[in-house]
């Protein structure tokens, strides 16, 4: 089974876990730690930036499917040539910090160009979380029509300090989970829930209709590889439990 086929199977079984190093994480040592954690925890895929040196390095490190994230179609096409298994248009959170925003028309234009350059590559697109839900649904249908394989949801970027404890964790994930609920009711494409997804909120994402979770800061902001592996394994265990529940319901 090819790397991307193994990811597709995890999607079908609603247990896919993508560990995200970060669209703006160009620190080789940091990326190595995230990839090592993903590889040693049984994660379904790892997501990295489109930097050619990072892509080439990670390809030598792991047999996991590699997603590469960028908002530049040409960068995504180059990453495929270097060995990326899948491309992600988005993971916009890091870009919001720079004052960059995206409307539905902009995302669709970028997606069409990316699909032209990479007609056969597994293709995921993040839908901006702050669009009205009707716009998100309409955009998702447009993306499906051009051959996108996976929709990734997100929440919103905020500079405000979160609430303490579990409340803060749930607040961070609230919007992306609600977006997942609405999209899962209205589109056929599988959905990956991202932004604020961690061991506390992962089960909520699957319950909302996600086939996959994208987990970044709960792993890549940790100080040690041991901690990264432990959190990644916890996420995988939650996903596996969800898969068992789905089988039982069938």
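Below, the figures for the structure above:
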| read-out | value |
| --- | --- |
| [x] 21; [y] 12; [z] 15, with the label sought being that of the calculated percent of Cα pairs over 32 Å apart | [y] |
| Region 1-84: relative contact order in percent, alpha carbon pairs under 8 Å with at least 6 residues between | 28 |
| Ordering of 143-151, 218-226 by burial proxy (mean other Cβ atoms within 10 Å per residue, highest first) | 143-151, 218-226 |
| Peptides 207-217, 73-83 ordered by average Cβ neighbours within 10 Å, highest first | 207-217, 73-83 |
| Relative contact order computed over region 3-249 (Cα-Cα under 8 Å; 6+ residues apart), in percent | 22 |
| Residue 32 paired with residue 223, simple spin-label distance in nm, labels 7 Å along Cα-to-beta-carbon | 2.0 |
| Over the chain: helical MRE at 222 nm, DSSP H runs n ≥ 4 each giving -39500 (n - 2.57), nearest 500 | -16000 deg cm²/dmol |
| Region 1-23 and region 62-124: distance between their alpha carbon centers, rounded to Å | 16 |
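Where a number appears in this text, it was derived from the coordinates with a stated rule and is not lab data. Note that the coordinates shown come from a computational prediction; the quantities given were computed from them, not determined experimentally. All Cβ positions, even for glycine, are placed from backbone atoms using ideal geometry, and neighbour counts span all protein chains on display.
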